[in-house]
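Everything on this sheet refers to the single structure shown next.
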Amino acid sequence: MIPFNPTLLSKEVQAFINNNLDKDISKISLSKSPFSNVSSAELANQIGAKLKAKKKLPTWFNTENIYFPPTLSIEQTSSEITAEFKASLFKGKSMVDLTLGFGVDAYYFSKNFSSVIGFEINDSLTAITRHNAQQLGLENLNVFNGDGLETLLNNNKVYDLIYMDPARRNSAGKVFKLEDYTPNFLPHLDEILLKTKLLVIKTSPLLDLNAGLKELKNVSDVYIISVKNECKELLWIINPDYTKKTTIHSVCLNTEIKQFNSVLNHIPFQHKYLNPTEIEYLYEPDVALLKSGAFNEIAEHYNLIKLDLDAQLYTSTAINQLFPGRIFRVKRIINANELKKIKNLSANVIVRNYPDTAQNLVKKYKVKPSQNTFLIFTSLKEFGYCIFEVEIIQYY
């Protein structure tokens with residue numbers, strides 16, 4: 001990481017950064033810097049990172065004299081919408097963030113806790129987050145440089161909440177097991193739980209729910225958090241005294257929050273065979289619901305009929321706008337031979353339990369993009385392969 005350079009915070013440099021947000025970053029990085037103590041690479045990084053923060057971190061983007069880390073740190077940090085939701089779940093007197101990073105989660109936790117302590121192992125990122133905390137007016141956030149887990153294990157303090165967002169990559173790429181995260185907290189889990197009322201761990205959405213529950217213990221809740229049908233993260237809530245079943249919360253953060261709760265003891269599938277011609281509406285669950293695996297509970301909760309055991313599509317005779325996911329109105333059913341004959345075909349392609357990929361089908365049938373029309377390729381046990389031409393009536 002580029003060392004912390006206070007000169008970047010001077011009025012002249014900040015003015016340059018703000019005046020060049022619409023310029024070509026590659027040209028700025030290759031041009032000679034107009035400042036003696038600031039390199040062109042540093043200027044390009046600040047501009048690039050600030051631009052990435054515009055939608056993801058609007059509070060940071062709109063606050064004066066914010067110092068931005070490398071763009072990779074912006075990409076890996078929580079967005080404000082997910083951080084705000086997470087923080088809303090908890091409140092108390094004291095909490096510690098063992099893997100502070102850029103401090104977005106800590107910023108929102110500080111609104112609900114009297115005292116927040118954050119540890120960041122990287123010197124430069126520590127300086128950046130400490131400076132930004134002052135600019136953001138966070139008087140109850142104390143930032144320390146060092147190994148948060150090691151510090152925690154070597155003192156006797158007890159907190160209302162301990163939060164961790166361990167690194168989700170290693171030299172081999174993305175990781176899928178908790179033991180591959182950095183820091184590896186699993187060998188110290190019992191010790192950690194002696195120092196808190198609640199332990200909250202953020203992980204990648206790639207982590208398997210059953211695998212995570214086997215490695216952890218006393219998990220009261222797991223939150224699967226998505227934004228606009230993109231799964232962002234898993235949040236594991238560990239209560240040292242909890243011994244009951246784990247509740248799975250599928251949370252969809254869009255213009256409004258939609259949430260579906262389930263447990264891993266799924267109810268058996270009860271299939272009602274439908275003639276495709278009788279289907280008026282199709283429901284496609286949000287990715288957070290799909291991640292939960294509670295496919296039959298979804299049908300029961302929203303009073304829907306599941307089309308097929310493996311399709312993960314639903315139908316009903318009326319529109320239920322409380323449903324977290326996309327809703328389509330069926331226009332017609334097309335077979336593959338009919339589809340080949342259609343010229344200038346425009347639609348978005350969705351594949352559910354069909355022996356081909358959306359990408360291949362787009363090429364095969366020369367499908368051009370469309371804003372509202374979709375082709376849903378699926379199969380029904382009693383009727384074989386089906387292609388539904390539909391129009392979307394709800395996105396989220």
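The values are calculated or read from the model by the stated rules, or taken from the named source; none is laboratory data. In this text the structure is predicted, and so the values were computed from the model without any measurement. Heads up, the Cβs are rebuilt from the backbone with ideal geometry, glycines too, and the neighbour counts pull from every protein chain shown.
Listed values, structure above:
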item	result
Residue pairs meeting the criteria (Cβ under 7 Å; at least 6 apart or on separate chains; first within 19 Å of Leu194 (Cα to Cα), in the range 139-160; second basic (Lys, Arg) and modelled with pLDDT of 95 or more)	Leu152/Lys195; Lys157/Lys195; Val158/Lys195; Tyr159/Lys195; Asp160/Lys93; Asp160/Lys197
All helices (runs of 4 or more DSSP H) inside the range 280-396 with 1 or more residues being in contact (Cβ under 8 Å) with a residue 24 or more places away in the chain and hydroxyl-bearing (Ser, Thr, Tyr)	287-292
Hits in the range 109-153 (condition: crowded, with 22+ Cβ neighbours inside 10 Å and in a strand (DSSP E or B))	Phe113, Val116, Ile117, Gly118, Glu120, Leu141, Val143
Scope the range 242-261; condition modelled with pLDDT of 95 or more and either in a strand (DSSP E or B) or exposed (fewer than 14 other Cβ atoms within 10 Å of the Cβ) (or both); matching residues	Thr247, Ile248, His249, Ser250, Val251, Cys252, Leu253, Ile257, Lys258, Gln259, Phe260, Asn261
Checking Ser10 against (1) small (Gly, Ala, Ser); (2) within 32 Å of the chain's Cα centre (by Cα); (3) under 23 Å from Asp123 (Cβ atoms), the condition it does not meet	(2)
Residues (modelled with pLDDT of 95 or more and not aliphatic (A, V, I, L, M)) located in the range 281-300	Tyr281, Tyr283, Glu284, Pro285, Asp286, Lys291, Ser292
Where Ala41 falls short, out of the listed (1) under 28 Å from Ile121 (Cβ atoms); (2) hydrophobic (A, V, I, L, M, F, W, C); (3) crowded, with 20+ Cβ neighbours inside 10 Å	(3)
All positions within the range 268-280 that are surrounded by 13 or more Cβ atoms within 10 Å (Cβ to Cβ) and touching an Asp or Glu at 6+ places or on another chain (Cβ under 9 Å)	His271, Leu274
Test: residue in the range 64-86 that is of a type in the set (Gly, Ala, Ser), in a helix (DSSP H, G or I) and in contact with a Phe, Trp or Tyr (Cβ under 6 Å, 6 or more places away or on another chain)	yes
Any chance Tyr108 is in the same structural domain as Cys231 (by TED's automatic domain parsing), out of contact with any strand residue (DSSP E or B) (no Cβ under 9 Å at 6 or more places or on another chain) and within 30 Å of Glu150 (Cα to Cα)	yes
Matching residues in the range 217-227 - criterion: being at pLDDT 95 or above and in a loop (DSSP other than H, G, I, E, B)	Asn218
Pro324 being touching a Ser or Thr at 6+ places or on another chain (Cβ under 9 Å), of a type outside the set (A, V, I, L, M, F, W, C) and more than 28 Å from Leu253 (Cα to Cα)	no
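So that you can scan it fast, the table gives a plain yes or no per residue for (1) of a type outside the set (S, T, N, Q); (2) touching a strand residue (DSSP E or B) at 6+ places or on another chain (Cβ under 8 Å):
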| site | (1), (2) |
| --- | --- |
| Val158 | yes, yes |
| Arg168 | yes, yes |
| Leu207 | yes, yes |
| Glu215 | yes, no |
| Ser262 | no, yes |
